[in-house]
Amino acid sequence: MTNHSETTGSSENGDLTRGAVPLGRSTHDTQVTLRTPAELADALPYLLGYRPEDSMVLVALHDRAGRGRFGGRARLGIPSNKDDWESAARQLVQGLVTGGERRGVRPEQMVAYVCQEPAPGESGRDVMRRLMPLAQLLRTECGRLDVPVIEALCVSDGRFWSYCCPTEECCPPDGSPMGLPGTSVLAAAATYAGIQVRGSLRELRARLLPSETGAVEQEIALDSAGMALVPRILDDAFRAQVAEETLALAGRVIERYAGAIPVSGTHQADLRDDALLSHDEAATLVLGLQDRTTRDRAAAWMEGDEAGPALRLWRALARRCVGPYGEHAAAPLTLAGWVAWSTGDDLEAREALAMALGADPDYLFARLLHQACNEGLDPESIRRCLRRERTERTGRVSADGPAAAGDAGPLHLDAADDADPADAADDADPADADADGGRAAASGIRRRSRPRTADTPDDRRPWSEGTRPRKVGSEPTRPGSSGPGRTRTRAAKKAEPSETGGGLATPEGRRSGSGRNEGDE
């Protein structure tokens, strides 16, 4: 079953009444009233911030003094197997309702959408009929929780249908055409209010997927970097040096990106960034970021003038995780998600973190950030921790020389498997860890998902048989220090002492309940 769950938007960004739906108040006091199914269908991309594809969407409504307000939104990919529809509908409804209850704003009504483009040989009307049972399941599941669905719409092939309106004059059997994008009163008001529609999720994900251009050369570079770096990362005597080299290289590339000539269009911008990053540099960074402490220190490029170029670098590195190195993309994708979330782009944050979980479902750092982002938590507590660590670390190294670019202590959000994201962020405080006698969590070095064997034609193995990643013990260190840490493989099963108060840190080895299976969308 596809597991593309998410929540979007705040719970206070629109009004609704039974006959008229005012959409949003901006700083300019702009308000748009929605009165018909056509206007509700046109509003969907503005409610989400993008055009949903192969999706079922719920929008919560709240009553305020005789008027309603749009509340939280939730989207889930439509499972390809109809047998999974009932459980998916239940998951979507319960997630939105219970999330609202936790925030003290339980939904009182719902608007439901099912969106899917026709398959070859299929019409939009065929899609509407095929998805009718799914729309009914959404209505039934909402009814089970005493939340009525006041409108259910199908959007397909540039047309929409209402499952609740029996009047053909209003909602003809062949559907009603959607307005041209950007031409409605709502589009004009949204532009005036600063509301942006980012295109489709597929377009957003394309910026983070491995690139086919130069894939062979990049894989060779990754093999060579693996042979050179992995034994050094696994050796206590060289691990800190590799971390400093990785962060210094990342800092130079970020500066290079910051000085690049601007270009128009996301695709052209990505091509420019790819041209500014060599295969060897990308391989060194991808392998270096597999060390968890190094990755956490790199998370300090999260705000101000550093954030934009850093996000571009993490995207570029995700595109370089080609072939059997797809699992290595979890680290740069998680960093991309973190920077996007830190800078207020929740949409890209959710997608990048979900893709990180698709690359490695056991990546706990991505799972906790994804959960925190979906629940609408404030990333400032994590930013404060990283700022403090960066300041402390810079002070510690100033006597010996300048700190490396982006020098900061580890985030350690993945210190506990079932921790609440907000608690985990607070627990990451290094002062608390020291007071409780905590120890730095293990770094994570992961193997290739399909390592080459000795009988392959070129035998480009990333490490020799005697130097495969394995669990290595060392002296405990304070989180963020440059001394020896601990390194373990992705397959490590034994729990280790946490740096957040002496608890147990479960290895990054459990599937996220909110992770997504990208294969179905």
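The values are calculated or read from the model by the stated rules, or taken from the named source; none is laboratory data. Because the structure is predicted, anything quoted here is derived from the model rather than measured. For neighbour counting, all protein chains shown are included, and Cβ atoms are generated from backbone atoms with ideal geometry for every residue, glycine included. The protein model used for the area step is the full one, side chains on, heavy atoms only, and it has no ligands, DNA or RNA in it. Shrake-Rupley method; radii C 1.70, N 1.55, O 1.52, S 1.80 Å.
Please enumerate the residues belonging to segment 131-166 that are closer than 16 Å to residue 108 by Cβ and basic (Lys, Arg).
Passing the criteria: 139, 144.
Residue-wise test of (1) acidic (Asp, Glu); (2) within 24 Å of residue 260 (Cα to Cα); (3) in contact (Cβ under 8 Å) with a residue 60 or more places away in the chain.
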{"site": "293", "(1), (2), (3)": "no, no, yes"}
{"site": "297", "(1), (2), (3)": "no, no, yes"}
{"site": "300", "(1), (2), (3)": "no, yes, yes"}
{"site": "307", "(1), (2), (3)": "no, yes, no"}
{"site": "311", "(1), (2), (3)": "no, yes, no"}
{"site": "316", "(1), (2), (3)": "no, yes, no"}
{"site": "323", "(1), (2), (3)": "no, no, yes"}
{"site": "329", "(1), (2), (3)": "no, no, yes"}
{"site": "335", "(1), (2), (3)": "no, yes, no"}
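In the set 124, 95, which member is touching a residue at least 24 places away in the same chain (Cβ under 8 Å) and over 26 Å from residue 346 (Cβ atoms)?
124
Does residue 337 satisfy being out of contact with any Pro (no Cβ under 7 Å at 6 or more places or on another chain) and open to solvent by 30 Å² or more (accessible area, probe 1.4 Å)?
For residue 337, the condition - out of contact with any Pro (no Cβ under 7 Å at 6 or more places or on another chain) and open to solvent by 30 Å² or more (accessible area, probe 1.4 Å) - is not met.
If residue 355 satisfies all but one of (1) closer than 20 Å to residue 215 by Cα; (2) not in a helix (DSSP H, G or I), what's the number of the condition it fails?
So residue 355 meets the others, but not (2).
Could you check, for segment 317-333, whether at least one of its residues is over 18 Å from residue 355 (Cα atoms) and either open to solvent by 20 Å² or more (accessible area, probe 1.4 Å) or modelled with pLDDT of 95 or more (or both)?
The answer is no; no qualifying residue exists.
When only residues in segment 26-85 that are part of a strand (DSSP E or B) and open to solvent by 40 Å² or more (accessible area, probe 1.4 Å) count, which is modelled with the highest pLDDT?
Let us first name the residues in segment 26-85 that are part of a strand (DSSP E or B), namely 32-34, 51, 55-64, 67-77.
With open to solvent by 40 Å² or more (accessible area, probe 1.4 Å) added as a condition, the list becomes 33, 51, 63-64, 67, 69.
On the way: 33: 60, 51: 83, 63: 73, 64: 63, 67: 64, 69: 75.
Among residues in segment 26-85 that are part of a strand (DSSP E or B) and open to solvent by 40 Å² or more (accessible area, probe 1.4 Å), the one modelled with the highest pLDDT is 51.
Being open to solvent by 40 Å² or more (accessible area, probe 1.4 Å) and touching a residue at least 40 places away in the same chain (Cβ under 8 Å) is the filter here, so list the residues in segment 165-180 that pass it. Working first, answer last.
Step one: of segment 165-180, the residues open to solvent by 40 Å² or more (accessible area, probe 1.4 Å) are 166-170, 172-174, 177-180.
Answer for segment 165-180, where residues must be open to solvent by 40 Å² or more (accessible area, probe 1.4 Å) and touching a residue at least 40 places away in the same chain (Cβ under 8 Å): 170, 173, 174, 178, 179.
Considering only segment 293-319, state which residues are under 18 Å from the mean Cα position of the chain (by Cα) and of a type in the set (Lys, Arg).
Matches in segment 293-319: 295, 312, 315, 319.
Checking the conditions here, which among 157, 146 is at pLDDT 75 or above and surrounded by fewer than 18 Cβ atoms within 10 Å (Cβ to Cβ)?
On inspection, the qualifying residue turns out to be 146.
Go through (1) outside any helix (DSSP H, G or I); (2) open to solvent by 10 Å² or more (accessible area, probe 1.4 Å) and name the single condition residue 305 misses.
Of (1) outside any helix (DSSP H, G or I); (2) open to solvent by 10 Å² or more (accessible area, probe 1.4 Å), only one is false for residue 305: (1).
Considering only segment 204-225, state which residues are over 22 Å from the mean Cα position of the chain (by Cα), surrounded by 16 or more Cβ atoms within 10 Å (Cβ to Cβ) and hydroxyl-bearing (Ser, Thr, Tyr).
224
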